[in-house]
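Input: a single structure, listed below in structure tokens.
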Amino acid sequence: MESTDIRNKNELQKEIAHLKVQLAYLEEKCDKYEKNINNNEVELQQIIDLAPYFIFAKDEDGKYILANKYIANIYNTDVANLLGKTDADFAKNQSDAEGFIEDDLKVINLGSPLEAYEEQITNSDGEVLNLQTTKIPFVTIKTHKRAILGLSVDITKQKEKERALIAARKRAEESALLKSTFLNNLSHEIRTPLNGIIGFAALLEGTDISADDLSLYVELITSSSDRLLKTINDLMDISMIETDQVKVVKSKININKQLEALHVKYNIAAERKSLRLMLSNDIPTIEASLYTDEEKFEKIFSYLISNAIKFSKHGTIEFGYHISQKEENHKLVFFVKDMGIGIPINRQRAIFHRFVQSVVSDTRVFEGSGLGLSITKSYVEMLGGEIWLESEEGIGSTFYFSLPYETKKTDVKPKQKLRAKKPSPKSINDLNLKILIAEDEESISLFLKNMLKDINQEIIHAKDGEEALEIYKKTDDIDLILMDIRMPKLDGYEVSRRIREIDKDIKIIAQTAFAFAGDKEKAINAGCDDYLTKPLKKEVLLDKIFKLFAE
């Protein structure tokens with residue numbers, strides 16, 4: 001009995017020893033498995049941290065059970081701190097968290113995924129990111145809780161590109177529409193006056209025309225020609241601006257005298273529409289000097305005043321200038337104020353764009369190419385200024401532009417007087433000049449002779465540059481030369497240079513059918529006193545001649 005108990009005890013000890021060996025083996029195995037699991041988890045975390053996406057898993061309580069660095073960085077935290085917590089604990093915008101929870105529960109409760117839908121998240125810096133997200137339902141192995149696995153791609157840059165493409169397409173469509181409208185307007189602005197010129201010129205061929213009809217036909221042909229010429233000039237101006245061919249040639253001008261001349265020029269057109277044109281000067285005439293480009297200054301005001309007359313049916317148009325009230329800005333502020341139709345707020349910025357008019361309609365109430373304000377803006381900016389407006393629809397508009405108040409610049413050195421000075425004329429009719437016309441086109445020469453018949457004692461014609469130079473050398477008392485630039489044998493620039501070597505006092509006005517950048521500057525540098533582009537207008541030519549001899 002006792003021996004049996006001893007044997008049983010030994011066997012039991014052996015069994016225990018064997019079980020201990022097995023337990024040690026199993027513990028070793030478990031440690032190895034646990035280590036492998038930990039290694040796999042670390043490796044999995046490393047892999048998902050490398051992915052440039054939001055990778056995450058959340059249980060049905062909204063707590064993170066898996067997350068990568070990408071989403072942790074959005075919340076300005078780390079992965080370890082994110083696990084076991086919800087979006088509400090970190091979200092910059094709580095409405096983001098509410099939206100995420102709503103979508104998570106929808107996936108969990110329906111048991112079906114939400115694929116590639118768009119949502120937004122606000123990062124810790126307050127920046128809103130656009131995401132494309134997919135969420136898939138599953139059940140956790142450990143806790144048997146319902147959960148979702150999510151993958152979100154940051155598509156913020158893609159959305160920005162899409163918006164930029166949409167905006168670019170919209171701009172392209174608007175540009176195409178504007179150009180189409182412009183071409184239609186241009187066709188109208190060319191065909192309408194051309195039809196008037198051709199039509200009334202044909203009527204002049206008739207033999208039975210009364211004096212009143214003759215006067216009317218000539219007036220209509222002239223107005224149609226002016227309208228056509230304005231359209232062509234606008235096209236040339238905008239073309240030269242776009243190709244950067246416009247140069248600024250500054251000189252000293254008297255602002256008040258310039259504006260007074262503009263008042264005289266446009267007062268007749270204003271009176272025709274029963275409008276009152278008023279001029280407001282802020283500086284005494286003797287002090288009102290400005291160093292700027294005279295031609296562009298005049299064009300800016302001409303566009304603005306003619307627009308004010310065109311769009312006004314009654315009341316007063318006022319134009320002028322004042323010194324800027326801002327002490328740091330040594331500038332003059334010019335303005336043109338009307339009581340016209342006004343400009344809608346949604347079009348006030350667009351009207352400075354090319355091809356745009358303030359009134360958009362299939363019925364053309366107002367003529368014009370739609371280039372004037374764009375040209376005006378370009379010229380103002382070339383002169384170092386800016387342009388803006390104040391307008392109320394149905395009340396009127398005020399256009400402002402500022403220019404640097406430069407007064408200390410010196411003019412071109414005065415020419416040495418080598419001949420007896422004639423008395424200054426009080427009017428154009430006081431002039432009695434000997435004039436040399438250097439012009440190779442017979443028709444233009446005849447036209448000039450006709451325009452100058454009231455102010456000359458003698459007109460001499462030269463058909464090319466060499467002949468013009470020879471005639472000048474043989475004739476001592478020529479007062480004025482009208483110099484065509486493009487002539488055979490010698491061009492007008494060279495003729496002017498050679499004459500200036502002989503005579504520093506002779507008045508020379510250059511004239512050309514070409515109006516390219518730098519032409520006026522070249523003419524002045526060659527020795528010309530002034531510059532005109534063809535077709536010539538009598539009042540413009542006579543005004544320039546009078547100014548030259550009145551100085």
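The values are calculated or read from the model by the stated rules, or taken from the named source; none is laboratory data. Just so we're clear, the structure is a prediction, and the values are computed from it rather than from any experiment. Cβ placement follows ideal geometry from the backbone for every residue including glycine, while neighbour counts extend to all protein chains displayed.
Among Val218, Val249, which is the only one that is farther than 30 Å from Leu183 by Cβ and touching a helix residue (DSSP H, G or I) at 6+ places or on another chain (Cβ under 7 Å)?
Numbers: Val218 fails: touching a helix residue (DSSP H, G or I) at 6+ places or on another chain (Cβ under 7 Å).
Just one listed residue meets the conditions, Val249.
Could you pull out the residue among Tyr64, Tyr75 that is of a type in the set (Ser, Thr, Tyr) and in contact with a strand residue (DSSP E or B) (Cβ under 8 Å, 6 or more places away or on another chain)? Talk me through it step by step, then tell me what you get.
Working: Tyr75 fails: in contact with a strand residue (DSSP E or B) (Cβ under 8 Å, 6 or more places away or on another chain).
Exactly one of Tyr64, Tyr75 is of a type in the set (Ser, Thr, Tyr) and in contact with a strand residue (DSSP E or B) (Cβ under 8 Å, 6 or more places away or on another chain), namely Tyr64.
Report yes if Ala116 is over 16 Å from Ala147 (Cβ atoms), in a helix (DSSP H, G or I) and without any contact (Cβ under 8 Å) to a residue 24 or more places away in the chain, otherwise no.
Working: over 16 Å from Ala147 (Cβ atoms): yes; in a helix (DSSP H, G or I): no; without any contact (Cβ under 8 Å) to a residue 24 or more places away in the chain: yes.
No, not satisfied.
Residues in the stretch 61-76 that are assigned to a loop (DSSP other than H, G, I, E, B) and surrounded by 17 or more Cβ atoms within 10 Å (Cβ to Cβ): how many?
Final tally of qualifying residues: 4.
Which of the residues that make up the stretch 477-530 are hydrophobic (A, V, I, L, M, F, W, C), more than 21 Å from Glu295 (Cα to Cα) and part of a loop (DSSP other than H, G, I, E, B)?
If the condition is that a residue be hydrophobic (A, V, I, L, M, F, W, C), more than 21 Å from Glu295 (Cα to Cα) and part of a loop (DSSP other than H, G, I, E, B), then Ile478, Met487, Leu490, Ile506 are the ones that fit.
With surrounded by fewer than 17 Cβ atoms within 10 Å (Cβ to Cβ) and under 19 Å from Ile444 (Cβ atoms) as the only criterion, which of Ala468, Ala523, Ala513 stands out?
Being surrounded by fewer than 17 Cβ atoms within 10 Å (Cβ to Cβ) and under 19 Å from Ile444 (Cβ atoms) holds for just one of Ala468, Ala523, Ala513, which is Ala513.
Listed residues Thr122, Thr134, Thr140; which is in contact with a Pro (Cβ under 7 Å, 6 or more places away or on another chain), surrounded by 11 or more Cβ atoms within 10 Å (Cβ to Cβ), of a type in the set (Ser, Thr, Tyr) and assigned by TED's automatic domain parsing to the domain that holds Ile55?
Thr134
Could you tell me which of the residues Ser378, Ser369 is modelled with pLDDT under 90 and not assigned by TED's automatic domain parsing to the domain that holds Thr533?
Matching residue, one of Ser378, Ser369: Ser369.
If you scan the stretch 434-454, which residues turn out to be under 18 Å from Lys507 (Cβ atoms), surrounded by fewer than 20 Cβ atoms within 10 Å (Cβ to Cβ) and over 43 Å from the mean Cα position of the chain (by Cα)?
Lys434, Lys449, Asp454
Applying the selection to the stretch 182-214, what residues are surrounded by 12 or more Cβ atoms within 10 Å (Cβ to Cβ), small (Gly, Ala, Ser) and over 39 Å from the mean Cα position of the chain (by Cα)?
Hits for the stretch 182-214 are Gly199, Ala201.
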